[in-house]
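**Q** Before we start, here is the structure in question, set down as structure tokens.
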Amino acid sequence: MLRAIPPIDDCLCAAEKIPSLTGLSRGYLRTLARREQDDIRAALASGQGDVPRDRAAMLELIARSIADKAAADQPAMKALVNATGVVLHTNLGRAILAESAIEALDIAARSSVNLEFDLARGARGERDELIGAELIDLTGAEAATVVNNNAAAVLIALNTLAEGREVIVSRGELIEIGGAFRIPDVMAKSGARLHEVGTTNRTHREDYARAIGPDTALILKVHPSNYRIVGFTSEVALDELVALGRKHGVPVMEDLGSGALIDLAAYGLPREPVVAERVAAGADLVTFSGDKLLGGPQAGLIVGQRGLIDRIRRNPLKRALRCDKLTLAALAATLRIYLRSGDPGTELPTLRILNRSIGEIRQAAGRARDILAERLGPGFTLEVVDCEAEIGSGAMPVERLESAAVRITHPEKSPETIAAIFRHARIIGRITNDAFHLDMRTIEDPAVLAVAFDCGAGEARG
Ligand SMILES: *Cc1c(COP(=O)(O)O)cnc(C)c1O
């Protein structure tokens, strides 16, 4: 029976007659045809398959299977509905971009741009100029540059300023951010030597002062982002570190993690350090992420003293860590919102979602419950419950955002099974207290649930 499986070229000939397969490359069709032959072989070996006696019928069957395989072969990256209640979910791609950033991406993707081209002089330009003026205006710094992400910003800054020399960091700030960003490890990779001072809960000015020596290249302050030390604690404020650094001619850098360009207290959110305030307090360099609270694309922003920024730009690592035109287009558009918009909290999805009222979220949860009840069928219980969402990405780990969710249970189905049903529809919820929840904080329009569910069901039907 194995010998009755038609040769690959015959399978390809048959496949080429199927309209949905026209326009696909021969190499790709060959791959699918091989996979189909393997499937038939495996089925025969397990005693499940059967080979039709009629060769034409067999080829037609194979061709149709190849067409099914091509139709099922979807791009690996898929649009998802984030119902996890984590606004900036690193695993789900963090910030959703503003409309103007999406338009800027579209333009940059479709055409040539002045990425490194000075239009006025007709000469080679500097890609940092696309975001430099905005970042300087927004933060009050002398200069700015941008790299792939904040991890890269910390790496290149340490390497530029302190390779082969010492960097002083408080033991209370030797943090690990998810995804293997650890201050001691990044420090080692940068070629700088870590000089730890103080203790986990308390570090004093004197600890830093005693550590300064001829080999000291930098004092680093790190925002603890995703954890808090509470109780008997003390840390040295940035302005004190700056005074100490000035006295000894040692620059001070702060890794702000998320950082904010505006005071989020105006949006009813807990206070997060504002970059401009850290620059005003005297930090020589400040690094922060583009896709955390800022609400832009993945990027690492570095602002500070012109001399230091120039040295970072000349570091050969800059070439390896630089951003492409798409990132810069989206980032520049996002920064322009902060600079120009009278209402950034409405234009930026991240701020908009953080700022939603509990009343509005409860209402959305009610609509979501109705949409889903209609689609899930009998047996499921759907209730609107109050819950707590979080900002995510290490920003404000302790603070919670009040939120509402649709809690979905079934007498025979486990929460994991229900989660899998929703994942199939590309809706990602979370399991809390042994029940599946769709947190509505991150879903502005419940209609997306209907669309996702109907598409998912369509796919399941084949
Ligand atoms: C998030 C974070 C980083 C890493 O930033 P990415 O943009 O994710 O690379 C580094 N340091 C701190 C303090 C952070 O919070």
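The values are calculated or read from the model by the stated rules, or taken from the named source; none is laboratory data. Note that the structure is a prediction, hence the values are computed from the model and not measured. Cβ atoms come from the backbone with ideal geometry, glycine included; neighbour counts cover every protein chain shown.
**Q** Within the range 39-49, is even one residue over 30 Å from residue 353 (Cβ atoms), crowded, with 18+ Cβ neighbours inside 10 Å, out of contact with any Pro (no Cβ under 9 Å at 6 or more places or on another chain) and touching a residue at least 40 places away in the same chain (Cβ under 8 Å)? Can you show your working first?
**A** Taking the range 39-49 first, the residues over 30 Å from residue 353 (Cβ atoms) are 39-49.
Filter once more, keeping what is crowded, with 18+ Cβ neighbours inside 10 Å: 40.
Still in the list and also out of contact with any Pro (no Cβ under 9 Å at 6 or more places or on another chain): 40.
Add one more test, that the residue is touching a residue at least 40 places away in the same chain (Cβ under 8 Å), and what stays is none.
So far as the range 39-49 goes, no, none of its residues is over 30 Å from residue 353 (Cβ atoms), crowded, with 18+ Cβ neighbours inside 10 Å, out of contact with any Pro (no Cβ under 9 Å at 6 or more places or on another chain) and touching a residue at least 40 places away in the same chain (Cβ under 8 Å).
**Q** Let me ask you something else. Which residue is nearest to the ligand (Cβ to nearest atom), if the candidates are limited to the range 206-235 and must be acidic (Asp, Glu) and farther than 24 Å from residue 159 by Cβ? Before you say what the answer is, go through the steps one by one.
**A** Of all residues in the range 206-235, those acidic (Asp, Glu) come to 206-207, 215, 235.
Remaining after also requiring farther than 24 Å from residue 159 by Cβ: 206-207, 235.
On the way: 206: 25, 207: 20, 235: 14 Å.
Across the range 206-235, the extreme among qualifying residues is 235.
**Q** Could you check how many residues of the range 319-361 are in contact (Cβ under 8 Å) with a residue 40 or more places away in the chain and in contact with a helix residue (DSSP H, G or I) (Cβ under 8 Å, 6 or more places away or on another chain)?
**A** The total comes to 27.
**Q** Name the one entry in 262, 302 that is in contact with a Phe, Trp or Tyr (Cβ under 8 Å, 6 or more places away or on another chain) and over 16 Å from residue 172 (Cα atoms).
**A** On the way: 302 fails: in contact with a Phe, Trp or Tyr (Cβ under 8 Å, 6 or more places away or on another chain).
Of 262, 302, the one residue that is in contact with a Phe, Trp or Tyr (Cβ under 8 Å, 6 or more places away or on another chain) and over 16 Å from residue 172 (Cα atoms) is 262.
**Q** On to the next question. For residue 118, are the conditions met, namely being more than 26 Å from residue 280 (Cβ to Cβ), under 26 Å from the mean Cα position of the chain (by Cα) and free of Cβ contacts under 8 Å to residues at least 24 places away in the same chain? First the steps, then the outcome.
**A** Working: more than 26 Å from residue 280 (Cβ to Cβ): yes; under 26 Å from the mean Cα position of the chain (by Cα): no; free of Cβ contacts under 8 Å to residues at least 24 places away in the same chain: yes.
Judged against the criteria, residue 118 is not a match.
**Q** Determine whether the range 387-404 contains at least one residue that is of a type outside the set (D, E, K, R) and assigned to a helix (DSSP H, G or I). Even if it seems obvious, please write down each step before you answer.
**A** Taking the range 387-404 and keeping what is of a type outside the set (D, E, K, R), we get 387, 389, 391-398, 401, 403-404.
From what's left, assigned to a helix (DSSP H, G or I): none.
Within the range 387-404, none of the residues are of a type outside the set (D, E, K, R) and assigned to a helix (DSSP H, G or I).
**Q** Quick one: residue 216 ticks every box in (1) polar (S, T, N, Q); (2) closer than 24 Å to residue 277 by Cα; (3) surrounded by 16 or more Cβ atoms within 10 Å (Cβ to Cβ) except a single one, so which number is it?
**A** Every condition holds for residue 216 apart from (2).
**Q** Would you check which residues across the range 436-447 are crowded, with 17+ Cβ neighbours inside 10 Å and not in a loop (DSSP other than H, G, I, E, B) and list them?
**A** Of all residues in the range 436-447, those crowded, with 17+ Cβ neighbours inside 10 Å come to 436-443, 446.
Hits for the range 436-447 are 436, 437, 438, 439, 440, 441, 442.
**Q** Considering only helices (runs of 4 or more DSSP H) fully contained in the range 273-372, which possess at least 1 residues that are among the aromatic types (Phe, Trp, Tyr) and assigned by TED's automatic domain parsing to the domain that holds residue 191? Break it down into steps so the answer makes sense when it comes.
**A** Values: elements: 275-280, 306-314, 317-321, 325-340, 344-347, 349-354.
Passing ranges, in order: 325-340.
**Q** All but one of (1) acidic (Asp, Glu); (2) over 29 Å from residue 351 (Cβ atoms); (3) at pLDDT 95 or above hold for residue 374, so report the exception by its number.
**A** (3)
**Q** If you don't mind, there's one more thing I want to ask. In the range 57-69, is there at least one residue being at pLDDT 90 or above, more than 30 Å from residue 447 (Cβ to Cβ) and hydroxyl-bearing (Ser, Thr, Tyr)?
**A** yes
**Q** Could you please find all residues in the range 57-90 being within 16 Å of the ligand (Cβ to nearest atom) and not in a loop (DSSP other than H, G, I, E, B)?
**A** Narrowing the range 57-90 to residues within 16 Å of the ligand (Cβ to nearest atom): 86-90.
If the condition is that a residue be within 16 Å of the ligand (Cβ to nearest atom) and not in a loop (DSSP other than H, G, I, E, B), then 86, 90 are the ones that fit.
**Q** Kindly indicate which of 454, 434 is without any contact (Cβ under 8 Å) to a residue 40 or more places away in the chain and not assigned by TED's automatic domain parsing to the domain that holds residue 175. Step through it out loud before you land on a result.
**A** On the way: 454 fails: without any contact (Cβ under 8 Å) to a residue 40 or more places away in the chain.
Just a single option satisfies the conditions, and that option is 434.
**Q** Further question: Can you name the residue in the range 247-261 that is at pLDDT 95 or above and more than 10 Å from the ligand (Cβ to nearest atom) and, of all such residues, is surrounded by the fewest Cβ atoms within 10 Å (Cβ to Cβ)? Outline the logic, then answer.
**A** So in the range 247-261, the residues at pLDDT 95 or above come out as 247-256, 261.
Next, from what is left, pick out any that are more than 10 Å from the ligand (Cβ to nearest atom): 247-253, 261.
Details: 247: 10, 248: 12, 249: 8, 250: 21, 251: 22, 252: 27, 253: 26, 261: 24.
Within the range 247-261, the match that is surrounded by the fewest Cβ atoms within 10 Å (Cβ to Cβ) is 249.
**Q** Among the residues of the range 91-105, write down those that are surrounded by fewer than 22 Cβ atoms within 10 Å (Cβ to Cβ) and in a helix (DSSP H, G or I).
**A** Answer for the range 91-105, where residues must be surrounded by fewer than 22 Cβ atoms within 10 Å (Cβ to Cβ) and in a helix (DSSP H, G or I): 91, 92, 99, 100, 102, 103, 105.
**Q** Let me ask something additional. Being of a type in the set (A, V, I, L, M, F, W, C) and within 16 Å of the ligand (Cβ to nearest atom) narrows it down to one residue among 244, 238, 269; which is it? Walk me through it before giving the result.
**A** Working: 244 fails: within 16 Å of the ligand (Cβ to nearest atom); 269 fails: within 16 Å of the ligand (Cβ to nearest atom).
Only one candidate qualifies: 238.
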